[in-house]
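Chemist: Take this structure, written in structure tokens, and hold onto it; I'll ask about it next.
The values are calculated or read from the model by the stated rules, or taken from the named source; none is laboratory data. Keep in mind it's a predicted model, so treat the numbers as computed, not measured. In this analysis, Cβ positions are derived from the backbone assuming ideal geometry, glycine residues included, and neighbour counts consider all displayed protein chains. To get the accessible areas, we keep the full protein, side chains included, count just its heavy atoms, and leave off ligands, DNA and RNA. Shrake-Rupley method; radii C 1.70, N 1.55, O 1.52, S 1.80 Å.
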Amino acid sequence: MAGCRPMITPYHAKYYAHELTKRCAADSMEKLAGTLVDAQVDLNPHQVEAALFAFKSPLSSGAILADEVGLGKTIEAGLVLSQKWAEGKRRTMIIMPASLRKQWVQELQEKFFLPSTILEAKSYKAAIKGGRDPFEPDGKIIICSYQFAARHAEEIMVTLWDLVVIDEAHRLRNVYKSGNKTARALRSALVNVPKVLLTATPLQNSLMELYGLVSFIDEYAFGDEKSFRAKYARLTSDDQFSELKARLKPLCHRTLRRQVLEYVKFTNRRAITQEFWPTQDEQDLYDRVSDYLQRHQCPV
């Protein structure tokens, strides 16, 4: 009859409860079975593999998902968030550059049906005025910027998070430098929280950047900064390189484009070199700007 809800038997009720609460091996496809059914996205094998990797990282302290650009790290994180959500672990937050916040809200809603809310200065003040804890999820995934999270590091530290995702995590790779206050504030605030770091470029200029990212997941994975520099600052042998890869393997998962060509088709790019000769005025401006940026101290 119209307007009537379908009835389920006590047996089926117990079965559904079992399916929602049963435990599976962290690296088992069954772990993500329910999530995969609901996801409104064409999943590729490497994305499922990356999500499972995040669940089986040591002591569930977290993982770095470092697939190359265009391979779907957002989807991988969405799978992990969806699984946490299905397990009833809904104290989750995503930290990212401010420009990506609305994009994440849209992706979570359209692809995974996950509700989220942007926490910024205005909504934070409104929550305080209403007598609520701004970092209480209230049935939604919290999304905020690096700067906002760093300003409220103490409040984030005292919240019992089930998972925190950090997008564009390469922006934090210089955390080992004393001047990077934002990265250091976030690392301290999230030290005991399960984390997933997303970045296509975990390493750019120095292996110390890799050390910095890994320290977000496990501050003791490579010992202190001095020890890492002494052992890996210069990879002069294959044995050193192999040892570094082995120590990274439990913490960092990376898929390259050439590894997925079998089922992901990319547009071929042909680079065209075009010579350019600046005018004298343009060259003078370039030289002056370069000198300014390379100065040792900012002018008073």
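Chemist: Please give the strands (runs of 3 or more DSSP E) falling wholly within segment 52-124 in which 1 or more residues are aliphatic (A, V, I, L, M) and open to solvent by less than 20 Å² (accessible area, probe 1.4 Å).
Modeler: 62-65, 92-96
Chemist: From the list Phe241, Phe266, Phe228, pick out the single residue that is out of contact with any Asp or Glu (no Cβ under 8 Å at 6 or more places or on another chain) and either surrounded by 13 or more Cβ atoms within 10 Å (Cβ to Cβ) or over 30 Å from Ala50 (Cα atoms) (or both).
Modeler: Phe228
Chemist: In segment 155-172, which residues are surrounded by fewer than 20 Cβ atoms within 10 Å (Cβ to Cβ) and within 14 Å of Arg187 (Cβ to Cβ)?
Modeler: Met157, Arg171, listed by residue number.
Chemist: Quick check on segment 173-197: of everything there that is of a type in the set (S, T, N, Q) and open to solvent by 40 Å² or more (accessible area, probe 1.4 Å), which residue is nearest to Leu119 (Cα to Cα)?
Modeler: Filtering first and then ranking leaves Thr182.
Chemist: Here's something else I'd like to know. Within segment 179-199, identify whether any single residue is under 19 Å from Ala77 (Cβ atoms) and touching a His at 6+ places or on another chain (Cβ under 6 Å), and answer yes or no.
Modeler: Yes - at least one qualifying residue is present in segment 179-199.
Chemist: Here is a list of conditions, (1) touching an Asp or Glu at 6+ places or on another chain (Cβ under 8 Å); (2) closer than 23 Å to His170 by Cβ, and Phe112 meets all of them except one; can you say which number that is?
Modeler: (2)
Chemist: Restricting attention to segment 263-300, and to residues there that are hydroxyl-bearing (Ser, Thr, Tyr) and at pLDDT below 80, which single residue is farthest from Asp42 (Cα to Cα)?
Modeler: Thr267
Chemist: Which condition number does Phe216 fail, the rest of (1) open to solvent by 40 Å² or more (accessible area, probe 1.4 Å); (2) at pLDDT 85 or above; (3) not small (Gly, Ala, Ser) being met?
Modeler: Phe216 satisfies all of (1) open to solvent by 40 Å² or more (accessible area, probe 1.4 Å); (2) at pLDDT 85 or above; (3) not small (Gly, Ala, Ser) except (1).
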